[in-house]
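To keep things clear, I will list the structure first and then write my remarks on it.
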Amino acid sequence: MPKDGSEVRLDGQGNPLWLLLELTYRCPLKCAWCNNPLDFDHYRNELTTEEWMRVMREGRELGALQLGLSGGEPMMRRDVETLVAEASRLGYYTNLITSGIGLDSDRLQALKDTGLNQIQLSIQSCDEALNDELVGTRAFEVKLDVARRIKAHGFPMVLNVPVCRQNIDQAPKILAMAEELSVDYLEFANLQYYNWAMLNREELLPSRAQLQRAEVDVRAARQRLGKRMTIYFVVPDYYDGRPKACMNGWGSIHFTIAPDGTALPCQEARVIKGLAFPSVRNASLEWIWKDSPTFNLFRGEAWMKEPCRTCSDRTRDFGGCRCQAFMLTGDASNPDPACSLSPHHYVVREAVAEANAPGRWPRPLVRRQAGAITTAFAGE
Amino acid sequence: MADETRVQIEERYEIHPQFLFRWEPSQEAYVLLYPEGIVKLNQTAGEILRRCTGRMSVSDLIADLKAMFPEADADMDRSVRAFLEAANAKGWVRSKA
């Protein structure tokens with residue numbers, strides 16, 4: 001193998017590199033692992049086109065290079081093309097993260113014309129019945145059609161497959177489908193257990209044996225396909241014993257703006273109760289990034305507890321995920337319990353054991369839908 | 001690892017169309033942008049890729065770099081070709097037929 005030796009590890013030198021705009025929480029799908037808040041339907045005051053434009057300008061001035069347009073389903077907004085045109089003018093690399101619903105040929109062409117760089121399309125199965133059962137609506141045929149048209153328009157395409165117990169055994173067939181669609185990047189996205197995925201965790205978490213089989217399939221496909229398709233597959237932190245280097249550290253390179261203008265160091269950060277997240281409606285991105293107390297809260301190492309504080313991995317994994325630490329231990333400054341060195345690691349081990357217990361009573365999946373649940377008594 | 005690379009001096013390389021290569025003032029460096037990814041290039045890598053326009057042969061590219069860095073080591077031919085091979089393996093560049 002040739003050596004590279006020429007890449008320089010990229011950090012933001014204190015500035016954000018990634019700006020993720022969650023344009024809306026509206027979505028035609030009802031995925032049971034959605035990472036939008038459980039009370040997503042309470043957020044009605046989306047930023048206007050002009051406000052998003054200002055966010056993009058200020059983000060670029062801070063040095064952000066990558067722009068993600070996400071949601072919900074971003075195509076629910078009629079101004080995506082306008083925003084992409086402005087993003088291109090500003091010099092972003094623009095990524096559209098979509099379910100494919102609403103991406104008709106006219107809009108696809110308009111996005112091409114306005115300079116969109118790539119499209120990440122989600123698909124949940126290689127099988128229509130399972131796909132549509134998982135998303136709670138008829139979507140599979142639309143997605144396949146959209147995938148073909150994305151390639152026909154010459155976009156690089158990431159096919160994103162959220163991986164759960166229900167679909168992971170289809171890995172070989174999904175790989176074949178991706179190959180047939182000439183996908184450039186296939187991402188087996190092991191679910192991150194926050195919000196709706198957390199609610200359904202016991203039903204969604206795959207078993208270790210399933211993950212190991214899928215890993216073997218992925219390795220074989222990588223050998224076969226070489227440069228033609230890049231395949232991402234990361235073992236979920238629940239099984240890894242090592243915490244993920246979440247967001248490359250809190251307030252390090254990622255900047256997420258929620259539909260209502262709330263500024264977040266990561267999409268899930270609102271699961272941490274008691275933090276005051278600033279809004280782009282009444283503060284500049286520069287102040288939020290550099291000076292707001294919330295973005296500074298878990299920067300550096302002073303906030304860390306043992307064993308993170310003295311751990312040799314702390315500069316690599318930053319103690320893992322703050323949101324997961326809060327959700328599973330009640331304190332966001334605890335070590336991420338996904339880490340085998342965490343005193344709370346038993347919480348993760350128990351969750352894995354429960355999800356895989358023989359004779360377990362299978363519960364129904366709760367689909368993301370307004371009114372499906374109430375958060376009124378959950379301290380939301 | 002053998003010293004020879006498969007990169008031939010008469011080949012002409014170009015940036016793979018899936019990658020966006022440009023100067024980024026905030027990083028004071030050339031960067032490669034691709035779906036959800038960023039590579040910041042060091043000066044040498046940036047100067048090599050800047051010349052991968054599909055119009056310049058590898059031998060011209062090397063001559064050009066030697067003119068720009070006259071005090072560079074004598075091994076530049078080999079190291080440029082090794083870099084191009086690595087960049088090709090990563091899919092950043094492709095040889096123009």
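The values are calculated or read from the model by the stated rules, or taken from the named source; none is laboratory data. Please read all numbers here as calculations on a predicted model, not as lab measurements. Here the Cβ positions follow ideal geometry from the backbone for every residue, glycine too, while neighbour counts run over all protein chains shown.
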Next item on the list: Return the total of residues in the stretch A:134-174 being farther than 15 Å from residue A:100 by Cβ and over 21 Å from the mean Cα position of the chain (by Cα).
Entry: 5
Next item on the list: Quickly run through the stretch B:1-21 and pick out the residues that are facing chain A (nearest Cβ under 8 Å) and modelled with pLDDT of 85 or more.
Entry: B:18, B:20
Notebook entry, point to check: For the stretch A:53-77, how many residues meet the condition of being farther than 26 Å from residue A:14 by Cα and either more than 23 Å from the chain's Cα centre (by Cα) or among the β-branched types (Val, Ile, Thr) (or both)?
Noted result: 0
Check: Which of the residues spanning the stretch A:220-245 are closer than 30 Å to residue A:314 by Cβ and more than 14 Å from every other protein chain (Cβ to nearest Cβ)?
Finding: A:233, A:235, A:236, A:237, A:238, A:239, A:240, A:241, A:242, A:243, A:244, A:245
Margin query: If a residue counts only when it is surrounded by fewer than 20 Cβ atoms within 10 Å (Cβ to Cβ), which helices (runs of 4 or more DSSP H) contained entirely in the stretch A:248-347 have at least 2 such residues?
Written below: A:285-290, A:293-296, A:314-317
Checklist line | Condition met for residue B:83 (surrounded by 14 or more Cβ atoms within 10 Å (Cβ to Cβ), within 13 Å of another protein chain (Cβ to nearest Cβ), among the aromatic types (Phe, Trp, Tyr) and within 24 Å of residue A:117 (Cα to Cα)) | finding: no
Item checked: Total residues in the stretch B:86-97, condition exposed (fewer than 15 other Cβ atoms within 10 Å of the Cβ) and at pLDDT 85 or above -> 1
Check: Considering only the stretch B:39-78, how many residues are facing chain A (nearest Cβ under 9 Å) and either of a type in the set (Ser, Thr, Tyr) or touching an Asp or Glu at 6+ places or on another chain (Cβ under 9 Å) (or both)?
Finding: 6
Note to self: Tally up the residues in the stretch A:38-67 that are of a type in the set (Gly, Ala, Ser) and surrounded by fewer than 22 Cβ atoms within 10 Å (Cβ to Cβ), please.
What the structure shows: 1
Notebook entry, point to check: Could you say whether any residue in the stretch A:230-247 is more than 27 Å from residue A:25 (Cα to Cα), over 21 Å from the mean Cα position of the chain (by Cα) and of a type outside the set (Lys, Arg)?
Noted result: no
